[in-house]
Amino acid sequence: MTWVTRFNHFNVSVSDMDASIRFYRGVLGLTLRGRGTVSYRHLDKIVALQDTEIEWAELDIPGGGLIELFCYVNPPGITVDPSVNNRGTTHFALEVSDIDQAYADLAEAGVSVASDGPVEIPFGDWAGWRCLYARDPDGVTIELSQPPR
């Protein structure tokens, strides 16, 4: 039995909201849906922290869902090592229409990319897909993937 009905959003905790919005909006081209600061008791209960103050932004993902950015003003968080092999580290994938242009735009913006360009998957269920891993300003891994033409 499954009770999951669809994808809603992905959250990224960030250290600098303006830098993160410049990346997600300016580099990736996502649309900013809203931005603000909140301090709610119900949010304290959801995140299991006390006296939270969170600067937030939401960016629409074309095709559905959104990326939610949280910058914890209180209590402040710590920087973690987001290397892809560390337990608990995650990445998310965005499908793109032109991965070569995406790679060029990322390089021009000075974004860290793990490979020297898009890598084609040679076999299996993902055969023909071209992918790359890029890092946001806090080191969060974002996979960009283009399906076979």
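Contact annotation: residue pairs with Cβ atoms under 7 Å, 6 or more positions apart or on different chains, pairing a residue in region 18-34 that is over 19 Å from GLU143 (Cβ atoms) with a partner that is assigned to a loop (DSSP other than H, G, I, E, B) and not small (Gly, Ala, Ser), are ALA19/PRO137. Screening region 6-16 for residues that are in a strand (DSSP E or B) and among the polar types (S, T, N, Q) and picking the one that is farthest from the chain's Cα centre (by Cα) gives SER13. Within region 17-52, being in a loop (DSSP other than H, G, I, E, B) and over 19 Å from the mean Cα position of the chain (by Cα) holds for SER39, TYR40, ALA48, LEU49, GLN50, ASP51, THR52.
ALA57 meets each of the listed conditions (1) surrounded by 14 or more Cβ atoms within 10 Å (Cβ to Cβ); (2) in contact with a Leu (Cβ under 8 Å, 6 or more places away or on another chain); (3) under 24 Å from ASP100 (Cα atoms) apart from (3).
The conditions are (1) touching a strand residue (DSSP E or B) at 6+ places or on another chain (Cβ under 8 Å); (2) surrounded by 15 or more Cβ atoms within 10 Å (Cβ to Cβ), and ASN8 fails exactly one of them. Which is it? Result: ASN8 passes all but (2). Of the strands (runs of 3 or more DSSP E) lying entirely inside region 62-149, those containing at least 1 residues that are loosely packed, with under 15 Cβ neighbours inside 10 Å and of a type in the set (Gly, Ala, Ser) are 91-95.
Filtering region 53-86 to residues that are among the charged types (D, E, K, R) and either within 14 Å of the chain's Cα centre (by Cα) or assigned by TED's automatic domain parsing to the domain that holds ALA114 (or both) leaves GLU58, ASP60, GLU68.
The values are calculated or read from the model by the stated rules, or taken from the named source; none is laboratory data. Please read these numbers as outputs of a predicted model, since none were measured by experiment. Positions of Cβ are generated from backbone atoms using ideal geometry, with glycine treated the same way; all protein chains shown enter the neighbour counts.
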